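Just below is one structure, and these are the notes that go with it.
Just so it is clear, none of the values below were taken in a lab; they were calculated from the coordinates. Note that the coordinates shown come from a computational prediction; the quantities given were computed from them, not determined experimentally. Using ideal geometry, Cβ is built from the backbone for each residue, glycine included, and neighbour counts are taken over all protein chains shown.
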Amino acid sequence: MKEDTYLPYPQTAEISLCDVLAALGDELRLAIVGQLAVEPLGLVCGEFNCLTSKTNLTYHVAKLREAGVVHVQPEGTRRRLFLRVDDLQSRFPGLLDSIVKEAAAARQAAVEAGG
């Protein structure tokens, strides 16, 4: 059986505001963060397949992980994503709340527009 793969991510003190903002400047990544914000137990990558292709999702999840926004935990053949709420709140107080509000507003606007 294959051993779980460790996926590196920055420690709390290493999380850069520029990297976080750059990662969240993409609508798809913002949507992923918005969904994770309401799921404290995280979500497996397959639950985001309605947003984009598997290959594209892998790319965007890596960008979020590398910026320190999410933690990816391998679970056999699946990967569970967790929003790094405590780390982001301690590093940049209030930032995550604003991001989650924006993600919710964008999601609501898409629903109202029929998308």
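Miscellaneous remarks
- The one condition in (1) of a type outside the set (D, E, K, R); (2) touching a Ser or Thr at 6+ places or on another chain (Cβ under 8 Å); (3) surrounded by 14 or more Cβ atoms within 10 Å (Cβ to Cβ) that S90 fails to fulfil: (3)
- In the set (1) outside any strand (DSSP E or B); (2) farther than 16 Å from G25 by Cα; (3) among the charged types (D, E, K, R), R79 fails one condition alone, (1).
- L51 vs. criteria surrounded by 14 or more Cβ atoms within 10 Å (Cβ to Cβ), part of a loop (DSSP other than H, G, I, E, B), in contact (Cβ under 8 Å) with a residue 40 or more places away in the chain and of a type in the set (A, V, I, L, M): no
- Exclusive hit being in contact with a His (Cβ under 6 Å, 6 or more places away or on another chain) and part of a helix (DSSP H, G or I), set R29, R65, R107: R29
- Meets criteria (in contact with a Gly (Cβ under 9 Å, 6 or more places away or on another chain) and farther than 23 Å from P8 by Cβ) for A23: no
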